[in-house]
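Here's the structure, in structure tokens; my notes come after.
Readers should treat all values here as calculations from the given coordinates under stated rules, not as data from a laboratory. Note that the structure is a prediction, hence the values are computed from the model and not measured. Cβ sites come from the backbone with ideal geometry, for glycine too, and all protein chains shown count toward neighbours.
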Amino acid sequence: MEKVVVSSEILNIHNMILQIVELEPKVHQLKENCKILTSCLDSAQFRLRYANLRVSLKDES
């Protein structure tokens, strides 16, 4: 009976490892997507600050 339990635990661990290996490329892709989104957000924030500055300067004149 003990051999069956140990074998079952080993199989469970093996399946978990396979799931991790399967998820790793997806995690890598998510990290890359986050970098792209962060870059887009930085660019949008810069454009917004520039637009606000232009509006402020326009209001002053």
Only helices counted: for the chain, with every DSSP H run of 4 or more residues adding -39500 (n - 2.57) and the sum spread over all residues, [θ] at 222 nm is -36500 deg cm²/dmol
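Report the equivalent ellipsoid semi-axes for the chain in whole Å, largest first, defined as the square roots of five times the eigenvalues of the gyration tensor built from alpha carbon atoms.
Details: eigenvalues 656, 18, 3 Å².
Those come to 57, 10, 4 Å.
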Checked against the positive end of the charge dipole of the chain (+1 on Cβ of Lys and Arg, -1 on Cβ of Asp and Glu, about the Cα centre), the farthest of L23, V5, N52 is N52
